[in-house]
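Worksheet for the structure shown next.
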Amino acid sequence: MKPSVEKTPAELSAEQAAYWNGAGGKGWLASYDRIERSIGDFGQAVLAAADPQPGEKVIDVGCGLGGTTRSLADAVGLGGHVLGVDISEELVASARAHRVPNATFVVGNAATHPFEAASYDLVFSRFGVMFFGEPVAAFRNFQQAMKPDGRLVFLCWRKPDENPWGLVPVRAAAPFLPPLPRPGPEDPGQFAFGDRARVERILKGAGFSALSFKPLDQLVFMGQTIADILENGGRFGPLARAFAEATPEQVAKAKAAIAETLKPHETAEGVRLPGACWLVTAKASAG
Ligand SMILES: C[S@@+](CC[C@H](N)C(=O)[O-])C[C@H]1O[C@@H](n2cnc3c(N)ncnc32)[C@H](O)[C@@H]1O
């Protein structure tokens, strides 16, 4: 496989599209109930910060199954409209099944989707913006779709070492598995927006102003029991990918190591480890 530093933005984009239309989308769908319990509170915080108003036009970027799209649609009411855009056909099909009268779901790449120009009051995303192969192009595309006083509000994870919920199981399992991919600093992925300076560079490069980064720290629910987590580990995320390439013996050893490292965190409320996000807001233009 080509080292990630040698991949072009178009190749990185194509890789993400293939992932979210394949194992990534399937894993997200299969694990969604647990995921919603893990990130629901973060989602409430970013919805509150976005403060959608009746009559507004909104884009929900990387909308997935459309849970936040529906909340936004409730807030803007029948006089407003929400466009949920996502690169995964399977996730968009599930989102459409809810039939929200004032929301439309489209399959599209954030960097190239032909949004109506200068039309949107709010561009919103809960964890949907870190997977772009061409991030400046994507944010420029949003900026051009926004009204001059439009606002951008999104949530992304900070760095892996600030997110033990993501790092701890992977670190415990890694010695027993085939080498895990080590994403380069510009590669798309879950923690691609952890470096605040990089996000500032992307947003300023796309024409945004009045950037604000608010840290949000909460415990992340990983599963009710360690057994649940081990079952889910095979469904979504970096461990799912590593498990798919490992032998059954390697998977068994990796799971035993994960169980051991999570034991001190098992409580009646489930297994929860610290998580850390940026709540990012910006304005579409300097004016
Ligand atoms: C971590 S999921 C978040 C889903 C949703 N926002 C939520 O909170 O439930 C990331 C989503 O971004 C979508 N995505 C990735 N790259 C994209 C792109 N270039 N354009 C549009 N959507 C993209 C994926 O298909 C996936 O649904």
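Laboratory data are not the source of any read-out in this text; all were calculated from the coordinates shown. Note that the structure is predicted; figures quoted are calculated from it, not measured. Here the Cβ is made from the backbone with ideal geometry for all residues, glycine too, and neighbour counts use every protein chain on show.
Within the range 161-287, the proportion of C-alpha pairs whose separation exceeds 27 Å stands at 32%. The fewest-to-most ranking of 281, 68, 225 by surrounding Cβ atoms within 10 Å reads 225, 281, 68.
Centroid-to-centroid, using Cα positions, the range 1-60 and the range 137-173 are 9 Å apart.
Farthest toward the positive end of the dipole of the chain, out of 39, 281, 175, is the Cα of 281, where the dipole comes from beta carbon charges about the Cα centre. Specify the inter-centroid distance of the range 183-197 and the range 210-287, based on alpha-carbon positions, in whole Å. The range 183-197 and the range 210-287 have Cα centres spaced 16 Å from each other. With a Cα-only, solvent-free Debye model of the range 231-287, what are the log10 I(q)/I(0) values at q = 0.13, 0.28 Å⁻¹? With one equal scatterer per Cα and no solvent, log10 I(q)/I(0) is -0.53, -1.16. In the chain, helices alone account for a calculated mean residue ellipticity at 222 nm of -12500 deg cm²/dmol, with every DSSP H run of four or more residues adding -39,500 (n - 2.57). Ignoring lysines fewer than eight residues from residue 204 along the same chain, the ones with Cα atoms less than 29 angstrom from its Cα are 7, 57, 147, 159, 214, 283.
Prolate is the label for the chain. Its Cα gyration tensor axes, ordered a ≥ b ≥ c, give a/c of at least 1.5 and a/b above b/c.
Fully extending the segment from residue 118 to residue 195 would add 24.8 nm, taking 0.36 nm per residue of separation and subtracting the current Cα-Cα distance. Taking the fewest neighbouring Cβ atoms within 10 Å as the starting point, the ordered list for 152, 83 is 83, 152.
Look at the Cα gyration tensor of the range 90-131: its axes a ≥ b ≥ c give a/c of at least 1.5 with a/b at or below b/c, and that counts as oblate. Considering every alpha-carbon pair of the range 70-176, the percent of pairs per 5 Å bin, from zero through the bin containing the longest distance, is 2, 10, 16, 21, 18, 12, 9, 6, 3, 2, 0, 0. Structural descriptor for the chain: relative contact order 21 percent, calculated from alpha carbon pairs under 8 angstrom and at least 6 residues apart. Of 235, 126, 182, the sequence from fewest to most neighbouring Cβ atoms within 10 angstrom is 182, 235, 126. Based on the Cβ-Cβ distance from residue 253 to residue 161, what FRET efficiency comes out when R0 is 30 Å, to the nearest 0.05? According to the calculation, E is roughly 0.80.
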